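Here the structure is laid out as structure tokens; the discussion comes afterwards.
The values are calculated or read from the model by the stated rules, or taken from the named source; none is laboratory data. Note that this is a predicted model, so its numbers are computed, not measured. No Cβ is skipped: glycine too gets one built from the backbone with ideal geometry, and neighbour counts run over all protein chains shown. Only protein heavy atoms, including side chains, enter the accessible area calculation; ligands, DNA and RNA are left aside. Shrake-Rupley method; radii C 1.70, N 1.55, O 1.52, S 1.80 Å.
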Amino acid sequence: MTTGYVYHEIFGWHDTGTHAGLFPSHPQAGIQPLAHVENADTKRRLHELLVVSGLMDHLVRVRPRPATEEEILRVHDRAHLDRVKAQSLLPKGGDAGDGLSPFGQGGYEIAALAAGGAVEAVDAVLAGRVDNAYALVRPPGHHAEPGRGMGFCVFGNVAIAVHHALAVHGLERVAVLDWDVHHGNGTQKAFYADPRVLTISLHQDDVFPPHSGRRHERGTGEGLGTALNVPLPAGSGDGAYLYAMDTVVTPALRAFRPQLIVVASGFDASAMDPMAHQMVTSEGYRALTTRLLDTAAELCGGRVAMSHEGGYNPTYVPFCGLAVMETLAGVRTLDDPFLPIVSGFAGQDLQPHQRDAIDAAIAVPARDRT
Ligand code: 3YP
Ligand code: ZN
């Protein structure tokens with residue numbers, strides 16, 4: 001396997017500031033400055049582990065380049081683009097739209113490079129320069145909606161990359177699998193009425209955005225049935241995720257017959273994540289990737305491109321990302337030292353209530369498909 005890899009040091013310079021996790025410090029309200037939870041550490045440390053483990057020697061570097069305005073405008077409206085550009089000129093930067101998505105001076109150029117990195121990963125796969133690819137980009141993208149950034153996301157990196165596959169490569173069917181623990185609302189919204197794109201989101205039930213990603217959200221109009229949501233109960237681990245993969249995701253992919261699969265790859269469903277309450281291990285992510293590659297080999301010549309989203313444990317995200325990229329490349333390097341601990345957490349096996357929730361996602365009645 002040839003695996004492409006997109007990264008740039010400047011992704012670590014996207015400045016989310018000295019927030020108390022999510023909020024700007026406010027001493028009188030008791031909110032102490034610390035770091036924003038979406039800071040450079042998890043991704044930079046994943047990149048460094050790729051180097052130190054030796055996996056980097058097996059990857060083909062793919063250079064990111066900024067997404068053009070034309071590419072960004074395939075997903076976003078002009079007002080959003082212009083707002084980000086204008087605030088990016090300010091010495092203290094701005095916010096992409098919801099008050100939760102800060103960026104520093106020059107943040108526009110970094111966000112455009114993240115989106116362009118996802119585009120280049122897709123391009124490398126579709127041009128046959130690599131078999132599959134992983135874009136380790138920052139800021140993330142899957143919450144960004146056409147009219148505004150959201151949930152740490154400035155531009156919809158995956159949505160922009162999918163539009164590139166449709167518009168430039170002429171693809172007719174592209175599937176997106178979003179395994180970030182939060183709902184991929186932005187990607188879903190970009191293609192909600194578009195029958196060419198199947199968006200599948202596996203997420204912890206109702207975490208972020210609030211009340212988003214319910215089972216009955218199935219697309220609209222021509223796109224009815226091409227959005228698929230699998231809300232998973234808190235506490236879901238490897239067993240639940242693999243059951244969802246085997247009983248919902250893989251059959252949906254087979255029915256849709258995509259020509260390319262794009263993964264919105266967050267590692268915040270891990271057992272060590274501070275922002276959600278799932279229990280996936282690095283072996284769970286490895287197994288999800290293996291399943292996905294098998295399905296991609298069957299359906300679309302193995303064409304898979306992944307773009308990084310969330311994941312907030314700086315010590316564990318690197319081992320999850322390493323497992324995924326090892327699987328993409330067909331190489332083994334270092335063992336995950338956390339594995340004996342996290343795989344021993346009670347409830348890693350599929351639990352009955354998790355099975356019920358996943359089975360319910362399969363059996364959405366047609367009348368609810370609006
Ligand atoms: C955004 C604000 C509160 C939760 C947070 C989620 C960010 C994320 O990882 N999205 O995938
Ligand atoms: Zn997330």
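Of note:
- Flag if VAL174 is under 24 Å from LEU293 (Cβ atoms) and open to solvent by less than 20 Å² (accessible area, probe 1.4 Å): yes
- Look at (1) crowded, with 24+ Cβ neighbours inside 10 Å; (2) within 13 Å of ligand 1 (Cβ to nearest atom) and you find that ALA190 fails only one, number (2).
- Within the stretch 242-270, being more than 16 Å from ligand 2 (Cβ to nearest atom), under 25 Å from ASN157 (Cβ atoms) and aliphatic (A, V, I, L, M) holds for ALA244, MET245, VAL248, VAL249, ALA252, LEU253, LEU260, ILE261, VAL262.
- Qualifying position, being over 23 Å from GLY311 (Cβ atoms), under 18 Å from the mean Cα position of the chain (by Cα) and away from ligand 1 (no atom under 16 Å from the Cβ), among ILE72, ILE110: ILE72
- Number of residues in the stretch 174-187 that are within 16 Å of ligand 1 (Cβ to nearest atom) and either assigned to a loop (DSSP other than H, G, I, E, B) or of a type in the set (A, V, I, L, M, F, W, C) (or both) equals 8.
- Taking first residues from the stretch 303-331 that are at positive phi and partners that are in a loop (DSSP other than H, G, I, E, B) and of a type in the set (Asp, Glu), the Cβ contacts under 6 Å between residues at least 6 apart in sequence or on separate chains come to GLY311/ASP268.
- Residue in the stretch 45-59 that is of a type outside the set (Gly, Ala, Ser), modelled with pLDDT of 95 or more, open to solvent by 40 Å² or more (accessible area, probe 1.4 Å) and within 20 Å of ASP180 (Cβ to Cβ) present: yes
- Residues of the stretch 278-302 satisfying the condition of being within 17 Å of the chain's Cα centre (by Cα), outside any helix (DSSP H, G or I) and either of a type outside the set (Val, Ile, Thr) or under 22 Å from ASP123 (Cβ atoms) (or both): GLN278
- Selected residue [small (Gly, Ala, Ser), buried (at least 19 other Cβ atoms within 10 Å of the Cβ) and touching a residue at least 12 places away in the same chain (Cβ under 8 Å)] from ALA227, ALA234: ALA227
- The criterion of being within 16 Å of ligand 1 (Cβ to nearest atom) and free of Cβ contacts under 8 Å to residues at least 60 places away in the same chain does not hold for SER88.
- Residue in the stretch 234-249 that is assigned to a strand (DSSP E or B) and in contact with a His (Cβ under 6 Å, 6 or more places away or on another chain) present: no
- The stretch 285-318 - residue that is open to solvent by 10 Å² or more (accessible area, probe 1.4 Å) and within 16 Å of ligand 2 (Cβ to nearest atom) and, of those, nearest to LEU46 (Cα to Cα): PRO314
- Test: PRO146 is within 16 Å of ligand 2 (Cβ to nearest atom) and more than 19 Å from LEU59 (Cβ to Cβ): no
- Of the residues making up the stretch 126-144, those that are surrounded by 24 or more Cβ atoms within 10 Å (Cβ to Cβ) and not β-branched (Val, Ile, Thr) are ASN132, ALA133, TYR134, ALA135, LEU136, ARG138, PRO139, PRO140, GLY141, HIS142, HIS143, ALA144.
- Of residues in the stretch 1-47 being under 19 Å from the mean Cα position of the chain (by Cα) and hydroxyl-bearing (Ser, Thr, Tyr), the one farthest from ligand 2 (Cβ to nearest atom): THR3
- Just so you know, in the stretch 154-173 the residues that are in a helix (DSSP H, G or I) and within 19 Å of LYS85 (Cα to Cα) include one that is farthest from the chain's Cα centre (by Cα), and it is ILE160.
- No other residue among THR247, THR220 is open to solvent by 20 Å² or more (accessible area, probe 1.4 Å) and closer than 18 Å to ALA287 by Cβ apart from THR247.
- Among the residues of the stretch 16-44, just one is open to solvent by 90 Å² or more (accessible area, probe 1.4 Å) and within 25 Å of ARG65 (Cβ to Cβ), namely ARG44.
- Residues satisfying the stated conditions in the stretch 60-79, i.e. among the charged types (D, E, K, R) and open to solvent by less than 40 Å² (accessible area, probe 1.4 Å): GLU71
- Among residues of the stretch 207-221, those that are touching a Ser or Thr at 6+ places or on another chain (Cβ under 8 Å) and within 24 Å of SER101 (Cβ to Cβ), counted: 1
- Number of positions in the stretch 259-272 that are closer than 28 Å to ALA112 by Cβ and open to solvent by 10 Å² or more (accessible area, probe 1.4 Å): 1
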